[in-house]
Amino acid sequence: MAQGARPAGYVEGYVLTTRRQAVAAPILGIHRSGTSALAAIVQSFGIPIGDISDRASEENPRGFFESQMLRQVNDDLFTFLEASWDNWAFDAGRYDFREERFAPFRERALAAIDQLFGKVALWSVKDPRMAQLWPFWQLVLADFIVRPIVIIRPPHEVAMSQIARASRNLRVHRELTDEEDVAALWALTMLNILEHVGAEGALVIVHGDLIYRTTDTLDRIRAYLRVRKIKAAKDFAAGFIEPDYHRAKGEVSGGPWMAMAGQLFADIQGAAVDGIVTQAAAANLIAKQDDLHIIRPTMDGARRALWRARENSEDAWRYQQILPTTEKLADDAFKMKTDQGYAMARSAYTQMLRVEGPQLLTLWRSYRLAKAAGNREEARKLLRQVGDLYPEFQPAQAVLARYRAK
């Protein structure tokens, strides 16, 4: 290395160190809780936050500030567990991530951390999936000094924000379109975070404080992480944080999950002293959640059902993408007027019915196919179905009238 050159991974103000001396400050929070804004703020202290992309969207116009590498690790682990980030019944606390079957994921996660941060003395990272999988990540980070920053937002506001997000893309967000589902995800995720608060405690930041009491929030982050570069962070926040970040306001209809999540939110706020929830305070807080402890053991059945539903709907969506090709194949095969052509058309029409349901055009084509193939019983069945479902469709009514006349 040339004299005076800085080694890879060097960050101004933070010396290189061994892993056991390094501080990991992951940002933990539910989706739609302000994790992206918080990650941007933490980065403004000069703290590396990983391989973030320039991706932005309508819901996050300033970007996600999300590690792409760690997000992929999390998604793959979710798939292995037959779950996904939007599976509201998923509970990471039911797994023992020390088991041998999780060894490849532990090794991959640690290798990703080493690749992203090397021997940097202080680093942070953001991916809401990490919060949902926090028991796994706490095990992965066992050799680090772990100082998590937990951002909490009132569960009803998270629900409103997520439902608005889902309405713009129901295919991607089909599992989280109800207030109670979002509240369940909120409560289970927070319960797992609290159960794995370590010796350093956790800094809790309320979403509203990040927006409306930004300077005080930055002072707490600085004190908790023991950093000095506060001016640059305050200058950045002045141009980055805006009241527009607080779009989802108001109330939602309350159900049992929303009541449990709301109580947990209030209890977390009450347990924090100067923003810090200690390990002992977290344990006392957890013990108070009687209703959550009663319902928690029943959730895995719901998790499996949601996974199966997701897989089935993914199959249906994939079929939708090839529907135009399938339709052309069916029409061309039908025009061949051969046994082979009829067989190909029948297969294609069956697939179209599976995807689209009893659509008029597909049913009518299937009727014509059955008639051309000489299958009178099937033809009459399909014709009656067309007539019953689409009484205004005159070609079918005309054929039915001829049948009745006979």
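The values are calculated or read from the model by the stated rules, or taken from the named source; none is laboratory data. Only a predicted model underlies this, so the values are computations on that prediction, with no experimental measurement involved. Don't worry about glycine lacking a Cβ; one is built from the backbone with ideal geometry, like all the others, and counts go over all protein chains shown. In case anyone asks, the SASA skips ligands and DNA or RNA and just uses the protein heavy atoms, side chains included. Shrake-Rupley method; radii C 1.70, N 1.55, O 1.52, S 1.80 Å.
Table for the structure above
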| item | result |
| --- | --- |
| Arg94 vs. criteria surrounded by fewer than 18 Cβ atoms within 10 Å (Cβ to Cβ), touching a residue at least 12 places away in the same chain (Cβ under 8 Å) and within 20 Å of the chain's Cα centre (by Cα) | yes |
| Candidate set: region 209-222, residues that are farther than 20 Å from Ala131 by Cα, part of a helix (DSSP H, G or I) and not acidic (Asp, Glu); chosen: the one nearest to the chain's Cα centre (by Cα) | Ile211 |
| Cβ-Cβ under 7 Å pairs, at least 6 apart or on other chains, region 63-82 side assigned to a helix (DSSP H, G or I), far side open to solvent by 40 Å² or more (accessible area, probe 1.4 Å) | Gln68/Asp51; Gln68/Ser53; Met69/Asp51; Met69/Leu116; Val73/Arg108 |
| Residue selected from region 297-319 under the condition within 16 Å of Thr189 (Cα to Cα) and open to solvent by less than 80 Å² (accessible area, probe 1.4 Å), by the criterion modelled with the lowest pLDDT | Ala302 |
| When residues of region 167-211 are limited to those that are under 24 Å from Ala39 (Cβ atoms) and of a type in the set (Asp, Glu), the one modelled with the highest pLDDT | Glu195 |
| Helices (runs of 4 or more DSSP H) contained entirely in region 223-296, each with at least 2 residues that are under 17 Å from Ile30 (Cβ atoms) and modelled with pLDDT under 95 | 256-271 |
| Pairs, first over 13 Å from Leu369 (Cβ atoms) and of a type outside the set (Val, Ile, Thr) in region 379-390, second open to solvent by 50 Å² or more (accessible area, probe 1.4 Å) and not in a helix (DSSP H, G or I), C-beta under 8 Å, six or more apart | Gln385/Pro358; Leu389/Pro358 |
| Tally of residues being touching a His at 6+ places or on another chain (Cβ under 9 Å) and either open to solvent by less than 50 Å² (accessible area, probe 1.4 Å) or at positive phi (or both) across region 192-237 | 3 |
| Inter-residue pairs, beta-carbon under 6 Å, first touching a residue at least 12 places away in the same chain (Cβ under 8 Å) and part of a loop (DSSP other than H, G, I, E, B) and in region 183-208, second open to solvent by 10 Å² or more (accessible area, probe 1.4 Å) and basic (Lys, Arg), 6+ apart | Glu200/Arg147 |
| Restricting region 66-120 to residues that are touching a strand residue (DSSP E or B) at 6+ places or on another chain (Cβ under 6 Å) and not basic (Lys, Arg), the residue that is nearest to Leu185 (Cα to Cα) | Glu66 |
| Cross-chain or 6+ apart pairs with Cβ under 6 Å, region 99-120 first and within 22 Å of Leu225 (Cβ to Cβ), then among the polar types (S, T, N, Q) | Lys119/Thr17 |
